[in-house]
1. If ARG127 satisfies all but one of (1) buried (at least 19 other Cβ atoms within 10 Å of the Cβ); (2) in contact with an Asp or Glu (Cβ under 8 Å, 6 or more places away or on another chain), what's the number of the condition it fails?
2. Within the range 29-66, can you find the residues that are part of a helix (DSSP H, G or I), out of contact with any helix residue (DSSP H, G or I) (no Cβ under 6 Å at 6 or more places or on another chain) and in contact (Cβ under 8 Å) with a residue 12 or more places away in the chain?
3. What is the one condition in (1) in a strand (DSSP E or B); (2) under 19 Å from GLN64 (Cβ atoms); (3) not charged (D, E, K, R) that VAL153 does not satisfy?
4. Could you tell me which numbered condition GLU190 fails, if it satisfies all but one of (1) within 15 Å of the ligand (Cβ to nearest atom); (2) in a helix (DSSP H, G or I)?
5. Output the number of the condition that GLY184 fails; it satisfies all remaining conditions of (1) surrounded by 15 or more Cβ atoms within 10 Å (Cβ to Cβ); (2) farther than 30 Å from ASP271 by Cβ.
6. Does LEU76 fit the bill of being among the aliphatic types (A, V, I, L, M), under 26 Å from GLU228 (Cα atoms), more than 9 Å from the ligand (Cβ to nearest atom) and not in a strand (DSSP E or B)?
7. Can you pull out every residue in the range 84-101 that is in contact with a strand residue (DSSP E or B) (Cβ under 7 Å, 6 or more places away or on another chain), at negative phi, part of a loop (DSSP other than H, G, I, E, B) and more than 10 Å from the ligand (Cβ to nearest atom)?
8. Report, by residue number, each residue of the range 156-176 that is assigned to a helix (DSSP H, G or I) and more than 10 Å from the ligand (Cβ to nearest atom).
Amino acid sequence: MVVEPQALETQTVENYILHFNTQKSLYKTIYARMEFIKVNARFEKHIALIELNRPKELNALNRQLMLEIRDTLRELDEDDEVRVIILTGGPKVFAAGADIKQMADATAIDMLNIDQFSTWDQIKKTRKPIIAAVSGFALGGGCELAMTCDMIVASETARFGQPEIKIGTMPGAGGTQRLTRAVGKVMAMELVLTGKFISAEEALNAGLINRIVPVELLMDETLGLAREIAKQSPVAIKLAKEAVNNAFNSTLDEGLLFERKNFYLTFASKDQKEGMAAFIEKRNPEFTGK
Ligand code: CAA
């Protein structure tokens, strides 16, 4: 559950960077706490923030943490105030993968019955854009979590990899599929079959991430991107996100038809009328999501 803070304080980028730099916690006043994540549904106007919060375990993704992400995303997706969601692990580490200790002794039938990766489907189902802000390790499930988001802004310290092969298993939450679609077969093969890590620069060159910034600017840059998206029509954003994602699941002709219908559907919104009127009247549009 996303519990909205009683006394809502407007969080500023400066404060957040201050937090990153000093490690002083500002969360008491601005975050609704869960056990393994911190959530601020009103981080900025129309922008929500989820931060993974298992620092000692390098944000290893145990089942409870993923349930918290699932429930939070469901709430934020229904929250009309929220237009963009940022998911981060903080300045040191994004996530070192699924929790190895939690699953080490499981049988195949345990894994099948628990079906923990089905929890992850909510990320994919979220209709609002999610931006991953990645610093430090994004490995295994951590890399998969970032790739399930819609965009990835990385700091210079980011390291990506699918090292499951080194612990006698393989990616199970999208690594063989999303990584392959993002970086192509040969690089995906190398990463999945050797477990090696790549730097932020290699990830950028391979098309896995949007951009790289110094760690102290990670939230600033991510917020800049989030603000650009939050200014647009929420209706058009949802339909456009859906159409881009559809490119991965359809033939070109099916995808083009889907896109065309979503384009036509935007004409049912007041936002489309407002956007085009504002263009003609040479003013900034005011989008309401209607
Ligand atoms: N699960 C559980 N605990 C983890 C973890 C994980 N994935 N990754 C790190 N930790 C724990 C460590 O056990 C350690 O705990 P203790 O202090 O209690 O010993 C703590 O986090 C700090 O880790 P290290 O001491 O290992 O830190 P390091 O800086 O020396 O190394 C690392 C960092 C290279 C990321 C290393 O921790 C590592 O290799 N982690 C595992 C990476 C991995 O294999 N991920 C894939 C997991 S399986 C998966 O994700 C399946 C899937 O498809 C979803």
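1. Every listed condition holds for ARG127 apart from (1).
2. THR29, ILE30, PRO55, GLU57, GLN64, LEU65
3. (2)
4. In the conditions (1) within 15 Å of the ligand (Cβ to nearest atom); (2) in a helix (DSSP H, G or I), GLU190 misses (1) alone.
5. Unmet for GLY184, out of (1) surrounded by 15 or more Cβ atoms within 10 Å (Cβ to Cβ); (2) farther than 30 Å from ASP271 by Cβ: (1).
6. yes
7. Answer for the range 84-101, where residues must be in contact with a strand residue (DSSP E or B) (Cβ under 7 Å, 6 or more places away or on another chain), at negative phi, part of a loop (DSSP other than H, G, I, E, B) and more than 10 Å from the ligand (Cβ to nearest atom): GLY89, PHE94.
8. We begin by selecting, within the range 156-176, every residue assigned to a helix (DSSP H, G or I); these are 163-167, 175-176.
Once the filter is applied, which keeps residues that are assigned to a helix (DSSP H, G or I) and more than 10 Å from the ligand (Cβ to nearest atom), the range 156-176 yields nothing.
The values are calculated or read from the model by the stated rules, or taken from the named source; none is laboratory data. Every value quoted in this text rests on a predicted model; they were computed, and no experiment measured them. Every residue, glycine among them, receives a Cβ derived from its backbone with ideal geometry; neighbour counts consider all protein chains shown.
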